[in-house]
C-alpha cells in the first residue's frame, strides 16, 4: 500500500513564487508529488532518465519519452546552507538547506530541493535521504528531503 504524502508544514511558501503546475510539460511531475512520488522523464528507447524535461531524449534523441517514478534510494550529492534571506521574495527564513539530490537509477539527474529535519553540521555527502511532501494547496505539493531513518545501501 502506498504512503500518503505528508502534509507537515516545513516552509512558508505563502509569499514566495510558486511553480506553474498546469504547465503541460511538467504536469506529470506535479501529479506525482501529489501522490508522494518523484517522477522524471524516461526514454523508452535508451532507458535513461533526464532532467529537465525535453520532448527529445538528450542521450539518444528519441521522441519516445514517458514519466517514470524513481524508486531507488535518494542520496545527498551536495548542499549549501543559506544563513541570510537575501531577497524579500523568499519567505524561507535562514538558515535553510538547499541541496542537490541524486538517485542511483538516474545518475545524470540532480533534483534541487530543500532539506528539512536536519542541521547542516549533521550532513554528509552520499548520506541516504527520503522524500517528504508538503501540501501547499489543492494543486501544489512541494517535494522536500530529510535524512533517511532506515538507511538502505
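The values are calculated or read from the model by the stated rules, or taken from the named source; none is laboratory data. All of these numbers come straight from a predicted model, not from anything done at the bench. Neighbour counts are summed over all protein chains in view; Cβ atoms, including those assigned to glycine, are modelled from backbone coordinates with ideal geometry.
Key figures
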| item | result |
| --- | --- |
| Filter pass, residue 57 being surrounded by 15 or more Cβ atoms within 10 Å (Cβ to Cβ), in a loop (DSSP other than H, G, I, E, B) and at pLDDT 85 or above | yes |
| Those residues of region 26-52 which are closer than 27 Å to residue 130 by Cβ, loosely packed, with under 15 Cβ neighbours inside 10 Å and more than 14 Å from the chain's Cα centre (by Cα), in sequence order | 27, 47 |
| Every residue from region 67-84 that is more than 13 Å from the chain's Cα centre (by Cα), closer than 24 Å to residue 42 by Cα and surrounded by 14 or more Cβ atoms within 10 Å (Cβ to Cβ) | 67, 68 |
| Filter result (in a strand (DSSP E or B) and over 11 Å from residue 79 (Cβ atoms)) within region 119-138 | 128, 130, 131, 132, 133, 134, 135 |
| Region 104-114, residues that are without any contact (Cβ under 8 Å) to a residue 60 or more places away in the chain, more than 8 Å from the chain's Cα centre (by Cα) and either in a strand (DSSP E or B) or surrounded by 20 or more Cβ atoms within 10 Å (Cβ to Cβ) (or both) | 107, 110 |
| Failed condition for residue 129, given (1) farther than 15 Å from residue 29 by Cα; (2) at pLDDT below 95; (3) in contact with a strand residue (DSSP E or B) (Cβ under 8 Å, 6 or more places away or on another chain) | (2) |
| Search result, residues across region 85-103 that are surrounded by 12 or more Cβ atoms within 10 Å (Cβ to Cβ), at pLDDT 60 or above and assigned to a loop (DSSP other than H, G, I, E, B) | 85, 94, 95 |
